[in-house]
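Q: Got a structure here, written out as structure tokens. Questions coming.
The values are calculated or read from the model by the stated rules, or taken from the named source; none is laboratory data. All values derive from a computational prediction rather than experimental measurement. Counting neighbours? That spans all protein chains shown, and the Cβs are built from the backbone with ideal geometry, glycine included. Heads up: the accessible areas ignore ligands, DNA and RNA and are worked out on the full protein's heavy atoms, side chains in. Shrake-Rupley method; radii C 1.70, N 1.55, O 1.52, S 1.80 Å.
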Amino acid sequence: MRITIAAVGTRMPEWAELAIQDYLARFPRDFEVTLRQVRPEPRQQQPVSRILRAEQERLVAAVPSGDRLIALDPQDEDGTTEHLAQQIGHWRDASEHVSFAIGGADGLSQALKSHARLQLRLSSLTLPHALARVVLVEQLYRAWSILANHPYHRA
């Protein structure tokens, strides 16, 4: 299985980079997870709609062709780790590749969210952008551990 995380923003704090790289290194070869960072649109007195459209183009370009697109959206309902693991298991068994899109400061465009096959909220709490990436990668690792009966997840 291949999972891509396409995220707006190219300069994360060192602690976030270290945590993300640590989790990415843990995945086995047959469960490939990669992070593709895209440049945020400069905010220089541009309307938000233009910023979102430009960032959407970059995110879509970062998503491998044919992937199932999942939009991270704070407006959606919370899910559980077990439900995420179940979803990933279905996608894996169907030989589907998945991409998660993380927007920038203004989120994701409505067009991108409409194009996504699923919308997912990581938390009801407001998370800083860097922490949201870490949480997503950790939850993907935890979902893998559930599917593999690995002792990392002891619910």
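Q: Which pairs have Cβ atoms under 8 Å, sit 6 or more apart or on different chains, and link a residue in the range 1-30 that is more than 23 Å from A105 (Cβ to Cβ) to one that is assigned to a strand (DSSP E or B) and open to solvent by 80 Å² or more (accessible area, probe 1.4 Å)?
A: Hits for this filter: M1/E32; R2/E32; I3/E32.
Q: Would you mind finding the one in S99, S95, S109, S123 that is surrounded by fewer than 17 Cβ atoms within 10 Å (Cβ to Cβ), under 16 Å from the mean Cα position of the chain (by Cα) and among the small types (G, A, S)?
A: From the options S99, S95, S109, S123, the qualifying one is S123.
Q: Sort through R142, R117 and tell me the only one that's in contact with a Lys or Arg (Cβ under 8 Å, 6 or more places away or on another chain), more than 10 Å from L72 (Cβ to Cβ), among the charged types (D, E, K, R) and open to solvent by 50 Å² or more (accessible area, probe 1.4 Å).
A: From the options R142, R117, the qualifying one is R117.
Q: Are there any pairs, at least 6 apart or on different chains, whose C-beta atoms fall under 9 Å, with the first in the range 46-61 and touching a residue at least 40 places away in the same chain (Cβ under 8 Å) and within 12 Å of A101 (Cα to Cα) and the second assigned to a helix (DSSP H, G or I) and open to solvent by less than 70 Å² (accessible area, probe 1.4 Å), and if so, which?
A: Final answer for the pair search is E55/L112; Q56/A111; Q56/L112; L59/L112; V60/L112.
Q: Return yes or no: is E17 out of contact with any Ser or Thr (no Cβ under 8 Å at 6 or more places or on another chain), open to solvent by 30 Å² or more (accessible area, probe 1.4 Å) and more than 15 Å from A132 (Cβ to Cβ)?
A: Judged against the criteria, E17 is not a match.
Q: For the range 41-59, check the following and say yes or no: at least one residue is surrounded by 13 or more Cβ atoms within 10 Å (Cβ to Cβ) and under 13 Å from the mean Cα position of the chain (by Cα).
A: Scanning the range 41-59 turns up at least one residue that is surrounded by 13 or more Cβ atoms within 10 Å (Cβ to Cβ) and under 13 Å from the mean Cα position of the chain (by Cα).
Q: Oh, and also: Consider L131 against the criteria (1) aliphatic (A, V, I, L, M); (2) under 21 Å from A25 (Cβ atoms); (3) open to solvent by less than 50 Å² (accessible area, probe 1.4 Å): it satisfies all of them except one. Which criterion is unmet?
A: Of everything listed in (1) aliphatic (A, V, I, L, M); (2) under 21 Å from A25 (Cβ atoms); (3) open to solvent by less than 50 Å² (accessible area, probe 1.4 Å), L131 misses just condition (3).
Q: Residues A54, A105, A85, A19: which one is at pLDDT below 95 and either out of contact with any Leu (no Cβ under 9 Å at 6 or more places or on another chain) or among the aliphatic types (A, V, I, L, M) (or both)?
A: A105
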